[in-house]
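This report concerns only the one structure given below.
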Amino acid sequence: MPPAADPRQIELLGRLFDSLLRDGKLRQPVQWLVSRLQSAALRLLLNEPTLLDGYHHPLWQFLDRAAFLLDRSPAAQAHLTSLVDNLVAEPRQDERRYQWALERLTALERHQFEQRRQQFAPSLAELERTEAGLAPPRDAVPTTLDVGNLLTVPADLLDTPGAHGDATEAERWLQAQRPGDWCRFFLQGEWRALQAIGSGPRGELWLYAGDDGRPWCLRRGALQRLRAEGLAKALLPRSLLERAARRVLKDLAPLAE
C-alpha cells in the first residue's frame with residue numbers, strides 16, 4: 001500500500017491548481033483542461049505522494065503538452081475532451097495511466113500535423129519544384145523571404161543577448177529543424193508562432209504556417225540570419241506547474257515575514 005499523502009501536500013496541490021485557474025494569461029481552453037484534471041490529480045497524489053517532487057511526472061508532461069496543443073490549435077479540444085474524460089473517469093490514478101495518455105496525445109499531435117500538411121500540400125509541392133529548378137514560383141507558393149527582403153529589425157531587438165550569434169550555431173539549428181517543429185520568428189514587425197511544414201529537396205526553401213493558416217516561405221539564408229540575430233527561437237511546451245509554483249511562492253512570501 002502506498003504511503004499516505006501528507007496533508008500539506010494536498011493543500012499545496014490545491015494552491016497550485018487554484019493559481020493556474022486564476023491565471024488570466026491562460027486561454028479558456030487551457031483553463032478548461034486544468035479544471036478537468038484537478039480532481040484526478042488529487043486522487044493521483046493519494047496514490048503517489050512523489051507527484052510534487054518535480055516537474056517531470058507524466059501528469060505534468062501531459063498537462064503541458066495538451067495545453068501547448070490547445071494554444072496552437074483550439075479545435076483540438078474536441079479530440080482532447082474524450083481523452084481527458086477517459087482519464088478522469090478512471091477510479092485508480094497512477095503513473096502508467098498518464099504514460100498511456102501521453103502516447104495517445106502523441107498520436108493526436110501527429111494527426112493534427114498531417115492534416116495541416118495536407119492543407120498546404122499544393123504549396124509544398126510547388127516549393128519543391130521551384131527549388132529543384134523545374135518551375136518558377138507560382139501562386140501556390142507564398143512570397144519568399146530572403147535576407148534582402150526581410151523587413152528592417154528594430155535595433156533594440158538586435159541588441160538583445162544572443163544577437164549576432166555565430167553562423168555555425170545558426171546552421172546547426174537549421175539542420176535540426178524537422179517538419180512539425182514550432183518556432184517563434186520576428187517577421188514583418190512582430191513575433192509569430194509558425195510550424196515547419198516541410199522544405200525543398202536541398203533545404204534551401206522552407207515552408208512554415210502560422211496559427212492563422214497563413215503560409216510563409218523562407219530561404220535558408222533568411223532563416224540563418226534570423227537565428228543568428230536572436231529572432232528565431234524554438235517554441236516548446238512550458239511547465240505550467242513551475243509557473244504555478246512561482247506564483248504560489250510569491251503569494252506565501254508575505255506570510256513568512
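Bear in mind that the values in this text are calculations on the coordinates, not laboratory data. This one's a predicted model, so the numbers in the text were calculated from it and none came from an experiment. FYI the Cβ positions are ideal-geometry reconstructions off the backbone, even for glycines, and counts take in every protein chain you see.
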Which net charge results when you count Lys and Arg as +1 and Asp and Glu as -1 among the other residues whose beta-carbon is under 15 Å from that of R22?
-> +4
Gyration tensor verdict on the stretch 1-133 (Cα atoms; rounded if a/c is under 1.5, prolate if a/b is larger than b/c, oblate otherwise) | prolate
Could you give the dipole magnitude of the stretch 4-72 about its Cα centre, charging the beta-carbon of Lys and Arg +1 and that of Asp and Glu -1, in debye to the nearest 20?
-> 300
For W100 and L235, extending 7 Å from Cα along the Cα-Cβ vector and measuring point to point gives, in nm, a value of 3.3
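What FRET efficiency do you get for R246 and E204 if R0 is 35 Å and r is their Cβ-Cβ distance, rounded to the nearest 0.05? Present the calculation step by step, with values, prior to reporting the outcome.
Values: r = 43 Å, r/R0 = 1.22.
Calculated transfer efficiency: 0.25.
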For the stretch 1-71, what does the alpha-carbon gyration tensor say about shape, rounded, prolate or oblate, given a ≥ b ≥ c as the root eigenvalues, a/c under 1.5 as rounded, and a/b over b/c as prolate?
-> prolate
For the charge dipole of the stretch 1-138, defined by +1 on Lys and Arg C-beta atoms and -1 on Asp and Glu C-beta atoms about the Cα centroid, which residue among L33, Q118, Q99 has the Cα displaced farthest towards the positive pole?
-> Q118
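Please work out the ratio of the alpha-carbon Rg of the stretch 188-257 to 2.2 N^0.38 Å and round it to two decimals.
Values: Rg = 18.9 Å, N = 70, 2.2 N^0.38 = 11.1 Å.
Rg over 2.2 N^0.38 Å, computed on Cα atoms: 1.71.
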Between the stretch 88-105 and the stretch 177-204, the Cα center-to-center distance that results, in Å | 33
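In a shell of Cβ-Cβ distance under 12 Å around Q38, excluding Q38 itself, what net charge do Lys and Arg (+1) and Asp and Glu (-1) give? Each step should come with its number before you reach the end.
Details: positive: R15, R36, R43; negative: D18.
Surrounding charge for Q38 is +2.
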